[in-house]
Amino acid sequence: MMARTERTKASSHIRESLGSRIFNVVNVLLLGFIAFTTFYPFWDCFVVSFSSLKGYLATSVHLWPSEWSLEGYRYMVSSAELWSSYANSIIITVGGTAINMIITIMAAYVLSKRNLKGHRVLMFLAVFTMMFSGGIIPTYMVVKDVGLMNSLWAMILPTAVNTYNLIILRNFFLDLPAELEEAALLDGCTEAGVLFRIMLPISKPAVTTVTLFYAVDHWNDFFSAIMYINKKQQWPLQLFLRSMLFQNDAAYASGGESLFLLGQPMKMAAVMMAIIPIMCAYPFFQRYFTAGMTVGAVKG
Amino acid sequence: MKKNTGTTRKLASALLAAVMLISAAGCGSAAPQTTEATGGDAQPAAAAGTEQEADTAAKTDERPTIRWLTTGDAAAKAIEDGDRIVEAINERLGIDLQVEIVPEANTEKVNVAMASGDFPDIVTGAYGTSATQSWIQNGMVIPLNDYLDDNAALKEWLEQDYPWSAVDGAYYGAPFIAQYNVANTLIVFRQDWLDNLGLEYPQTLEEMKEVLIRFTTDDPDGDGKDNTYGFTAEGPSSTTGATPFDWVFHAYGLEHGDYALNEAGEIIPTFDDPSFVPAMNYIKELWDLGVIDSELMLNDTSKKEEKFYQGKAGAMQAALFRHVSRHESSLQELFPEASICYDLAPAGENGKRGLSRQGKDGFMTCVTAACEHPDKAAAFINFMLSEEGIELVRLGIEGVHYTKDGDTIVYNEEEREKDAFAPNGWAHALAWGSFFWPLESGYIPLTDPNRERALETVELATKCQVPNLVKQKTPAEISDKSALNDIFIQYFSDMLQGKIGIEEGQKKLDAEWRANGGDAVLEEVTAAYRAQETQ
């Protein structure tokens, strides 16, 4: 203990070279700048959402609301469409992610078994979809023909498995020691028991990471809704948000209804309400996130 | 350990069951929005079990379903089941109307649906695109000529306003070109700045230059700072090729919005018109004087408006009509005493003036080849274009959604809210986007406090609207015009910033534009023009 303290003291007395100090300063400045450019848009959005229109217009750089207002949030909260789209997004995200995980875990576990006959062919078929997708029109035809149009299922089932996530999980399972499985089977555990009672509990980092990937994908998805949902009552939050943020040129120019006409504070309040739930989820997943990313990427 | 595992399993099972239940509940309503017709009292069908309902159900069963997929008015209120306007249409036409308005008025969605064989009975898509062209070429939509005799409003619409839309004499749909005969864009000025400097709204290009210079140099807001400039607008549009300075080109004598005619009567691009070089010299002078927003080429609508509301610019080119009050009230957020004014665009030396180009883009509503009751579908389109239909979707049912007190309309907002009407006298969700926008129909609620002012802006802007030489878009224009406009915009920008001389730039622009498909476009446009002239 004493020796370690001495070594620490000695090393702290080693003078850093000028080049090293310059490097550190530049490093801090550069990373600080990158961090700032990443953070500022969120901050600007946050500040504007709490500003009055007058406060927003008063300055071009928004570091702090020059005139506080909850008008944007009041408007958003009073919008029935916001709440219905929130509910739809939650249903899609929770339900969709659960289905994603059930199917992905089971598929990844099976594909990680080297003694499975034809596992290479199955894996090739899965990877093939990453290189050659069906395209918009064939996918639309399938969704229509199986009767999913104007249903929230259309936003869940066509993306029930993401090949990229499947590969991450499969690789993670491949890395787990085979002895664990053998021991469990010797103790009388079933194959399903091995997966759910042995493998999954020790695969938290990968499972959590993939869960987050799926959840974020579902939460941010608007294109499927444009393609498959015509009923406004079934719009997800992101589609409702886009209708507020992006201008319909024809409607605007010719005096039609346009949410775009709402002031910037209201738009930013909508943005905040859309990103806050998913941002709140990140800290809870963060500790698994890095581990999951690196471990799943070891084997190809 | 064992106990914990059991609890975890129970919890996991419960959670999964809950998720599946929620998903099933949330995803269950897959049926498209339909509305059942009633016995004529415009009320939703009552509870089951009554004779009346049995009759109604029987009637509904007999009625052909007409499914209408439209870009429509995506920002309008959702149409709920039992909407009394849809029911009234059903009752009047003997149909069971199913309306599907695609999110964001996304024309790609309509195109995908059609391309995948998901044909509705009636479809509204973007007019002047390769998609609608292919609908016609591939027989996906049918000619309406056989139904015109029974549908007077549709016949009038096509033969009076859009005779050029016929393909070999066949009308494949009802086009609606936005801003075809009407406009609402003007140059808005800060009236308080004009007053502070003792100036009037500029009527000529020379007066315009003087006002913009004084807005930039004479501290019009009186804050003692050099922080203002004269004019802002949106950057050029690669879709239409319109620039923020079309008012200068037209003041210098450019007579049409899309192309020009040379002395031999041949169609040439607008930048080959004799007005181009002197107009560019005028614009360049304004630019060099620093009286124009230096970010103008990058501005979008909201950025432009923001600069005007922030008191940076004293004039902006902007859409008015319904936006008049919004512009003024937004400006007054920071400057409570400020007001706006507008007038005709400034005239050139010979008194010529102009501002907005006549529209060439819009929508087309067609009956598809899959429609089993094309007569009913045509009747529906006719109804939406008829006085009766227009009044129904704008005002509602008399006695229910509004009453008349002489010529005054009294809106019943409580009843209107039960159906898909916008508040404050604005129309039903079916009113706009497919056949009209408020501007084209001149509709603004009688109760709107700024109605007269809004209509005045339309009158002025329409006087400044410049007609197109050729009404429709040709196939070559549809495929290449956007890329050609980009070439024009690049040269326009370079000339403005002095990267290339104006006369040299005009010559190079002409050569590059023609070499990249411009000649082919001109050839087609010339043929279309000749055909148009013989009609």
(request) Only residues that are at positive phi and crowded, with 17+ Cβ neighbours inside 10 Å: list them for the stretch B:286-330, please. (result) B:G311, B:F321
(message) Any residue that is surrounded by fewer than 22 Cβ atoms within 10 Å (Cβ to Cβ), part of a loop (DSSP other than H, G, I, E, B) and more than 14 Å from chain A (Cβ to nearest Cβ) - is there at least one of those in the stretch B:373-390?
(response) yes
(request) Give B:Q506, B:Q532 a once-over and let me know the one that is part of a helix (DSSP H, G or I) and at pLDDT below 95. (result) B:Q532
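I need a count of the residues in the stretch A:217-233 that are of a type outside the set (F, W, Y), in a helix (DSSP H, G or I) and within 20 Å of the chain's Cα centre (by Cα). Outline the logic, then answer.
As a first pass, look at the stretch A:217-233 and keep what is of a type outside the set (F, W, Y): A:217-218, A:220-221, A:224-227, A:229-233.
Going one step further and asking which of them are in a helix (DSSP H, G or I), we end up with A:217-218, A:220, A:224-227, A:232-233.
Going one step further and asking which of them are within 20 Å of the chain's Cα centre (by Cα), we end up with A:217-218, A:220, A:224-226.
Looking only at that region, the number is 6.
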(message) Restricting to the stretch A:72-116, count the residues that are part of a helix (DSSP H, G or I), modelled with pLDDT under 85 and within 12 Å of another protein chain (Cβ to nearest Cβ).
(response) 2
(message) Tell me the residue from B:S302, B:S237 that is free of Cβ contacts under 8 Å to residues at least 12 places away in the same chain and within 22 Å of the chain's Cα centre (by Cα), please.
(response) B:S302
(message) Please determine whether any residue of the stretch B:289-296 is touching a Pro at 6+ places or on another chain (Cβ under 8 Å) and in contact (Cβ under 8 Å) with a residue 24 or more places away in the chain.
(response) yes
(message) Pairs needed: first member in the stretch B:92-113, under 16 Å from B:Y127 (Cβ atoms) and more than 10 Å from every other protein chain (Cβ to nearest Cβ); second member anywhere, outside any helix (DSSP H, G or I) and among the aliphatic types (A, V, I, L, M); C-beta distance under 9 Å; at least 6 residues apart or different chains.
(response) B:T107/B:A126; B:V110/B:L69; B:V110/B:V102; B:V110/B:V123; B:V110/B:A126
(request) Determine if the stretch B:468-475 includes at least one residue that is within 22 Å of B:V277 (Cα to Cα), modelled with pLDDT of 90 or more and not aliphatic (A, V, I, L, M). (result) yes
(message) Please go through (1) at pLDDT below 80; (2) more than 24 Å from A:A154 (Cβ to Cβ) for A:M244 and return the number of the only condition it doesn't satisfy.
(response) (2)
(request) Using the structure shown, decide if A:V161 is within 22 Å of A:V207 (Cβ to Cβ) and in a loop (DSSP other than H, G, I, E, B). (result) yes
(message) Criterion first (away from chain A (no Cβ under 14 Å), crowded, with 21+ Cβ neighbours inside 10 Å and touching a residue at least 12 places away in the same chain (Cβ under 8 Å)) does B:L439 satisfy it?
(response) no
(request) State the number of residues belonging to the stretch B:417-469 that are in a loop (DSSP other than H, G, I, E, B) and of a type in the set (D, E). (result) 2
(request) Go through the stretch B:91-125 and count every residue that is part of a strand (DSSP E or B) and farther than 16 Å from A:Q234 by Cα. (result) 7
(message) Among (1) within 14 Å of chain B (Cβ to nearest Cβ); (2) surrounded by 12 or more Cβ atoms within 10 Å (Cβ to Cβ); (3) closer than 25 Å to A:V216 by Cα, there is one condition A:G135 misses while meeting the rest; what is its number?
(response) (2)
(request) Name the residue, out of B:A46, B:A31, that is small (G, A, S), under 34 Å from the mean Cα position of the chain (by Cα) and modelled with pLDDT under 90. (result) B:A31
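The values are calculated or read from the model by the stated rules, or taken from the named source; none is laboratory data. Note that the structure is a prediction, hence the values are computed from the model and not measured. Because the Cβ atoms are built from the backbone with ideal geometry, glycine has one as well, and the counts that use them run over all protein chains shown.
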